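Comments concern the structure below.
Taken together, the values in this text are just the output of simple stated rules run on the coordinates, not laboratory data. Only a predicted model underlies this, so the values are computations on that prediction, with no experimental measurement involved. For neighbour counting, all protein chains shown are included, and Cβ atoms are generated from backbone atoms with ideal geometry for every residue, glycine included.
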Amino acid sequence: MGLARTLIFRATTLALVLILVVFFMVIILGATGTSDKILQAMVNEEVMMLRQALAKTIKDPEELNRVLAIRKQELMEFYGLTKPWYIRLPDMAWRVITLDLGKARTLKTFAGGNKVSEIIMERLPNTIILVTSATAISALVGLIVGVRIATRVGGLLDRISSYFSAVSYAIPTWWIGIILILVFSFFLRLFPFGGLYSTPPPTDPFLRFLDMLWHAVLPVTTLVIALVGVWIYTTRTIVLNTAQEDFVNAARAKGFPEELIRRRYIIRVAAPPIITNVILGLATSISGAILTETVFSWPGIGRLFYDAVLVMDEVVVIALTYIFTLVYVVARFILEVLYVILDPRVRY
Amino acid sequence: MAMNLRESLKEFWRLNVSKVGLIFLSMLILASIYVVASYPLDFGVRYWNNPSYWADYPKSAPPAWVNLISSEKAPEHYVLTYTKPSNITLTGTERKLSYIFEIDFQADRPPSFISFTILDITYHERPSTVKLSVLRPDMKNIEVYSFIVSGPYLGEEPPYRRYYDQPKRISITGDMLTATALSRFLYREYNVTLRPSEVNSIGQHKILFSIPVRDREFKVLKGQYIFTIDVYTYNPNDEVGEVTLVIGGEVYGVMGTDSLGRDLFIGLLFGFPVALFIGIVTSTITTLLGAGLGIVGGYLGGRVDEVIQRIADFINNIPLLPFLIFLAFILGQNIWILVFLLVVFGWPTLTIIVRSMVLQLKSGQFIEAAISIGAPRWWIMFKHIFPQVAPFIFAQLIFFTPTFILLEAALSFLGLGDPTLPTWGQILEYGFRSGGIYVGLWWWIIPPGILIIWTAITFVLIALGMEPVVNPRLRKIK
């Protein structure tokens, strides 16, 4: 039962964080008058549609204006525009949570629709593909290299990777992405400048997939450069600490093969703290995704964020801030579940 | 085993990383001092983000030193200005002020444009006439352009002052009068028939600097060009302020220009103080706030501690960049707002660490002794606990700095930088947004990134050098 209780506790905490974040956002939006602007735009939109609909039946322009004025007042009351912003906080918060924020001003779905939730949901998978594949590669490389250098501390590989992790702390990864474009796309013409598919995209599904892989090489590499340093460094430190424990020495004394000791005695024990560090690195992945997608025009929610800021589409900016927090919280929860599964001691 | 200050400095200085870090830091500081002393405060608004200021600069020009590497020599950029005429010729009441510009042209390609400007002309009777003529290396002379300064308007009294707030800029490139003159010149000297509109589409500046070889094909003519701008005046009191000739190049300066013609060297230099300011100021405030809350929470405990910890937890659970984008977008792009936001999101990490350090110190005997003689709580925190954690806090201050420099650069790159203060991130942003990377303008893309990395690395190196001081376990046994 302990397991379920721990997980429910964590889920509640994270849900609470999410709700607080939304309220925090809504307070800022209310205090700066942005929420008024958004709701007003929604009212105007409905009144305009109504005008078009009524113009056929009501011919007298004065009568039409009178009807519309009444309807507008009703709508203002319905959306709470007649009340001060702090009264309608819960209502606005609910709108953010359900992404009921009206229509994007200029941004559109690939098919041309302008519903905010549709625009975002359509691009979310692209971001998830990019981030998970980059994370998976970083994890694989980090674990292999980290464990390897932990057994040869002070070696060449160890020194290189510790310099790398110190330097990577000072390098803006998105700039590395730009340099990759300059070198591999502009000068060497090996990879495309950006995007998800060539134009026009190949019709054959398999070729289409290959085309996407070809487009993904540079962005994934950029993200891996951003993430892999932490993976290597954390794995090395934790494995090193675990390798010095008595039970590892005991296993060695028993004469177990080194490979078995590494797998069952070191990595198995070192896994949960490594997961903890990955949880701490999640924020890096998210900001990395925003910047990398921007640089490579990868049509995910990170690039959408950049586009929304560029064209000042505040509804989309708000929705994306919420979605990023949601994704962050959900990813965190998944990792914490993984942690609990890996580390029996947590199930108190 | 606490160290005194001198020992700490000695330990710090022993490492090479510290030395390199400090040398880098002093270079950054020198560059910043130079900028603060020599740049106007409104540099961003008045010069950098004002396209008309850069009108006479070549657009997207690589640095001048690429000529040393490439096989074909690109034309350099000339901006020549006179405030006094080179020659004055008197004929009766007519006075001719001649401004003579000599250019030794050795490039393999013609200039990218030609223009001249006149600033502040005053006349008393007849409006002055301005003429531009060019003597080429083949000793052929061309009257390129002439105009008469606008006459007095109704009710205006002499002296008549013209072009004093905004200089009169004449672009030879694209001018139909010049095209007609060149069309005649080509026919007269080379028997080549080209209509003025054709001259215009080839480019006046190209024809002026070359000789025709075949049908519509021109070869650059190298050698000494003499540009003469004559201003005819008709009253002894008539005056001319300043005359400037611009021969547009394809390469420019030490760092080249961007697509608006802005001299990147000037912009990149301005980035030094801004980056240092954001990094150091934000880091200092964040560290002080974070450490202060950590000490107070850790030492006092109870409800205060609980509240601080909950807030810190909450902020730590928010993904940083999306929120910074959201807030910078809603609250506006301003350097002070940015510093404030970075502080708000930055303090919790340090608070959590400092708190746990204080919790350990709290049970120490020296604290107990201080309590027993009746020292007030703020005294204990300030005089007994703070000095114990101070070295660590100082190291964190250095360690945080590159994070903030990179965050500012990232936000600027996303188009959320303070538009009144050009930064390296903003230069990169414009280079990216205007498509500079897709056409390979490397001089625009590489230097700002290198400078960001250089500044960030400086602090990383100093932080690495400080590690053995702060963490005695890493100290080498002598």
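A few points about this structure:
- For region B:95-189, diffusion coefficient by Stokes-Einstein and Kirkwood Rh (Cα), 25 °C, 0.890 mPa s, µm²/s: 157 µm²/s
- Region B:64-248, relative contact order [Cα under 8 Å, separation at least 6], %: 40 percent
- Extent along principal axes [Cα atoms of region A:119-312; Å; largest to smallest]: 63, 36, 34
- For region A:2-97, taking the reciprocal of the average inverse distance between every pair of different Cα atoms yields a Kirkwood hydrodynamic radius of 16.0 Å.
- In nm, spacing of pseudo-spin labels at A:ILE58 and B:ASN50 (7 Å Cα→C-beta vector): 5.3 nm
- Kirkwood-based shape ratio for region A:279-343, expressed as Rg/Rh from alpha carbons: 1.09
- With kT/(6 pi eta Rh) evaluated at 37 °C and eta = 0.692 mPa s, and Rh the Kirkwood radius from Cα pairs, region B:283-435 diffuses with a coefficient of 191 µm²/s according to Stokes-Einstein.
- Neighbour net charge for B:ILE318 - beta-carbon separation under 15 angstrom, K R +1, D E -1: +1
- Here r is the Cβ-Cβ distance between B:GLN360 and B:GLU306 and R0 is 22 Å; the resulting FRET efficiency, rounded to 0.05, is 0.70.
- The equivalent ellipsoid that matches the C-alpha gyration tensor of chain B spans semi-axes of 65, 24, 20 angstrom, in descending order.
- Entry note, chain B: the mean residue ellipticity at 222 nm calculated from DSSP H runs of n ≥ 4, each adding -39500 (n - 2.57), is -16000 deg cm²/dmol after division by the residues and rounding to the nearest 500.
- Averaged over peptide B:310-321, the number of partner chain Cβ atoms lying within 10 Å of each residue's Cβ comes to 6.
- Computed log₁₀ I(q)/I(0) - Debye formula, equal Cα scatterers, no solvent, region A:100-140, q 0.14, 0.15, 0.26 Å⁻¹: -0.43, -0.47, -0.80
- Long pairs among B:LYS140/B:LYS168; B:LYS131/B:LYS219; B:LYS131/B:LYS206; B:LYS140/B:LYS206; B:LYS140/B:LYS222, criterion Cα-Cα beyond 24 Å: B:LYS140/B:LYS168; B:LYS131/B:LYS219
- Projection of the Cα convex hull of region A:235-296, averaged over all directions and equal to a quarter of that hull's surface, yields 5.3 nm².
- Stretched out straight at 0.36 nm per residue, the stretch from A:ASN241 to A:ALA4 would grow longer than its current Cα-Cα span by 82.3 nm.
- Across the protein assembly as shown the C-alpha pair distances fall into 20 Å bins from zero in the proportions 12, 35, 31, 18, 4, 0 percent.
- Relative intensity of region B:366-478 on a log10 scale, I(q)/I(0) at q = 0.11, 0.13, 0.15 Å⁻¹, equals -0.59, -0.70, -0.78, per a Debye sum over C-alpha point scatterers of equal strength in the absence of solvent.
- Taking 7 Å steps out from each Cα toward its Cβ at A:ASN44 and A:THR32 produces label points 1.9 nm apart.
- Between B:TRP378 and B:TYR190, residue separation times 0.36 nm minus the direct Cα-Cα distance comes to 58.4 nm.
- Globularity index of region B:64-248, i.e. its alpha-carbon radius of gyration over 2.2 N^0.38 Å: 1.12
- Coordinate range along principal axes, alpha carbons of region B:134-178, Å, largest first: 48, 19, 18
- Reach of B:LYS10 by Cα under 24 Å, taken over lysines that are not fewer than 8 positions away in the same chain: B:LYS19, B:LYS476, B:LYS478
- With a Förster radius of 51 Å applied to the beta-carbon distance between B:VAL254 and A:THR199, the computed FRET efficiency rounds to 0.85.
- Placing a pseudo-label 7 Å from each Cα along the Cα-to-Cβ vector at B:LYS84 and B:SER197 gives an inter-label distance of 4.9 nm.
- From its DSSP helices (H runs of at least four residues, each -39,500 (n - 2.57)), chain A gives a residue-normalised ellipticity at 222 nm of -25000 deg cm²/dmol.
- Averaging the sequence gap over all C-alpha pairs within less than 8 Å and six or more residues apart, then dividing by the number of residues, gives chain B a relative contact order of 23 percent.
- Percent of Cα pairs in chain A per distance bin of 10 Å, from zero to the largest separation: 5, 18, 23, 22, 16, 9, 4, 2, 1, 0.
- The lysine pair tally for chain A, using Cα distances under 29 Å and a gap of 8 or more places or different chains, is 16.
- Zone residues, region B:242-265, relative to B:ILE69, backbone N less than 18 Å from point 7 Å out along Cα-to-Cβ: B:250-258, B:264-265
- Summed side-chain charge close to A:ILE275 - residues other than A:ILE275 whose Cβ falls under 13 Å, Lys, Arg +1, Asp, Glu -1: 0
- For the pair B:THR180 and B:GLU7 in one chain, pulling the backbone fully straight at 0.36 nm per residue adds 54.3 nm over the alpha carbon distance.
- Using distinct alpha-carbon pairs, which all enter the 1/r mean, Kirkwood radius of region B:24-121 in Å: 18.1 Å
- Mean separation of Cα contacts under 8 Å (6+ apart) over length of region A:2-97, as relative contact order %: 40 percent
- Cβ-Cβ FRET estimate between A:VAL217 and B:THR420, R0 fixed at 35 Å, reported to 0.05: 0.35
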